[in-house]
Amino acid sequence: MTYNYEEGLYINGSWAKGVSTIENINPSDISDNIGNIAQASIEQVQEAIIAARIAQPLWEKTPLEQKLNALQKIGDELIQRCEELGELLAREEGKSKAEGKGEIYRSGQFFQYYAAEVLRQIGENAASVRPGIDIEVTRESVGVVGIISPWNFPTATAAWKIAPALAFGNAVIWKPANLTPASAVALTEIISRSGIPAGTFNLVLGSGATVGDALINSKDINAISFTGSVETGRKIAIATSANFVKCQLEMGSKNSLIVASDADLSIAVEAAIGGSFSGTGQKCTASSRLIVLEDIHDEFVAALVKRMAELKVGHYLEEGIFMGPVSDKAQFDSNFKWIERTKELGGKLAFGGEKLSLEKEGYYMSPTLFVDTKNDWDVNQEEVFAPMACVIKVQDLDEAIKTANDTRFGLTAGIITSSLKTASIFKKSAQSGCVMVNLPTAGTDYHVPFGGRKQSSFGPREQGSYAKEFYTVVKTAYQRPY
Ligand code: NAD
């Protein structure tokens, strides 16, 4: 399917041009411009907000099965077209075709899950302390929701917000990242045919500084759900609290994977490979710190380096690649600054650290591993967002857990161990929203809550039935029957 990206805004049920366009460059081949993408004006953002305000009460009152059918239709189509749409996503984001396909499939599952959730809106009754009075506790839609999403999982992060927002009767204004607008147009095109009324769902493409800023400062929006960096998240928390707008922020992290002395070496190596380098390391759940017990350190590093040498980096369409390119030039340049910085600090480069020249010109780099690093170095405290991991050697489990928790972030944390006791101690003491035992730090299910602690998350959890905390408001009704 081809799209008219120059008319890529979707406001009040119609496609529209913006006030300008930007190019959408394929990071696997920078001579390939995927399209010239419409950029919305502030006035167009206001139009979308007005349309959403009008449509929302009608959508909230729409019969449940009609809502369910719309969400089911979107989910089914995403799954049916995951090959084609996954390729488009990979072309603009840089992940492999297989990863792109997996992301679209998972996005379809989010819509299917929340289609069913439409029927699970069950309230509670309570007895009153005053005789003869009935109490009902029910949930209603929060209203108009602004959704601001990142480029690294452009369709999945949006799907896990849009699907529950619509399921619980809200109207949506979606602002995706400007690096990945084509996937946003493709998802919107599917939503536009799902049967939801005009104005219920709107797409406004543009930069964070213009379109994003207009959304987060609006007094006519009831809630903002955001996934992205801590820096942007902080701006959103400040702007929304000034207007008492509800907000939910999922942000960066600095996840750790502990390799305990009794770890199965092959499980440890595969968890480190998957957690640190899949998605070109551009995952909020990536294991960028590998905390390794002294007595298994040398053996683990040798086995990991051997496995890293087998990882194929290439163009998103090439069969058998493990890693595509970095998403854009700014991220690519930043990665090499971090590599130089880690060398300056005294880290020893154990593998990679190179720019790669392949047949097509793109932002290719090798997976990179540093050893002999310290947890208090900035490279181990700041989110780098690169296919790069730093090994930190520790003496015992106690030091490993203290090191893992010694961060301002707390999204995921993992341990590789064959001891039930060690696993139990770790699960209880890790200060993160998700903990993994004998699994990579990246990779979660879609029907259970997802989110972090400390500066990784702010506000109610996302996903599963927990999403209703954010997308609904509670009403307590008292009634004296006649
Ligand atoms: P980013 O913060 O730069 O941008 C995210 C979104 O916010 C984009 O749509 C952007 O245009 C918008 N934005 C930027 N400035 C804005 C402003 N002033 N007002 C309103 N909107 C604004 O993040 P990114 O580079 O797109 O994504 C990478 C980050 O996302 C990483 O930190 C990563 O860890 C995080 N992330 C977190 C999760 C999670 O669930 N915790 C998942 C994926 C990515």
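The values are calculated or read from the model by the stated rules, or taken from the named source; none is laboratory data. Every value quoted in this text rests on a predicted model; they were computed, and no experiment measured them. Note that each Cβ is placed from the backbone with ideal geometry, even for glycine, and that neighbours are counted across all protein chains shown.
Scanning region 167-214 for residues that are within 16 Å of the ligand (Cβ to nearest atom) and among the aromatic types (F, W, Y) gives a single hit, W174. Scanning region 224-231 for residues that are more than 17 Å from F470 (Cβ to Cβ), in the same structural domain as V45 (by TED's automatic domain parsing) and more than 7 Å from the ligand (Cβ to nearest atom) turns up nothing.
Would you confirm whether or not region 152-167 contains a residue that is assigned by TED's automatic domain parsing to the domain that holds L9 and more than 17 Å from the chain's Cα centre (by Cα)? Yes, the conditions are met somewhere in region 152-167.
Residues that are part of a helix (DSSP H, G or I), surrounded by fewer than 22 Cβ atoms within 10 Å (Cβ to Cβ), in contact (Cβ under 8 Å) with a residue 60 or more places away in the chain and in contact with a helix residue (DSSP H, G or I) (Cβ under 7 Å, 6 or more places away or on another chain) within region 402-461 comprise T422, Q455, listed in sequence order. Whenever a residue of region 117-142 is assigned by TED's automatic domain parsing to the domain that holds V473 and touching a residue at least 12 places away in the same chain (Cβ under 8 Å), its partners that are exposed (fewer than 13 other Cβ atoms within 10 Å of the Cβ) and among the aromatic types (F, W, Y), lying with C-beta atoms within less than 8 angstrom and at least six residues away or across chains, give the pairs S128/Y478; I133/Y478; D134/Y478; I135/Y478. Scanning region 115-133 for residues that are charged (D, E, K, R) and closer than 28 Å to S194 by Cα yields E117, R120.
Here are E93, E103, E87: which of them is acidic (D, E) and surrounded by fewer than 21 Cβ atoms within 10 Å (Cβ to Cβ)?
On the way: E93 fails: surrounded by fewer than 21 Cβ atoms within 10 Å (Cβ to Cβ); E103 fails: surrounded by fewer than 21 Cβ atoms within 10 Å (Cβ to Cβ).
Only one candidate passes the filter, namely E87.
Let's see how each residue does on (1) within 16 Å of the ligand (Cβ to nearest atom); (2) under 21 Å from E103 (Cβ atoms):
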site: K254; (1), (2): yes, no
site: I267; (1), (2): no, no
site: G275; (1), (2): yes, yes
site: Q282; (1), (2): yes, yes
site: S287; (1), (2): yes, yes
site: H315; (1), (2): no, yes
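Which one is farthest from the ligand (Cβ to nearest atom), of the residues in region 234-244 that are surrounded by fewer than 24 Cβ atoms within 10 Å (Cβ to Cβ) and of a type outside the set (S, T, N, Q)? Ranking the qualifying residues of region 234-244, first place goes to F244.
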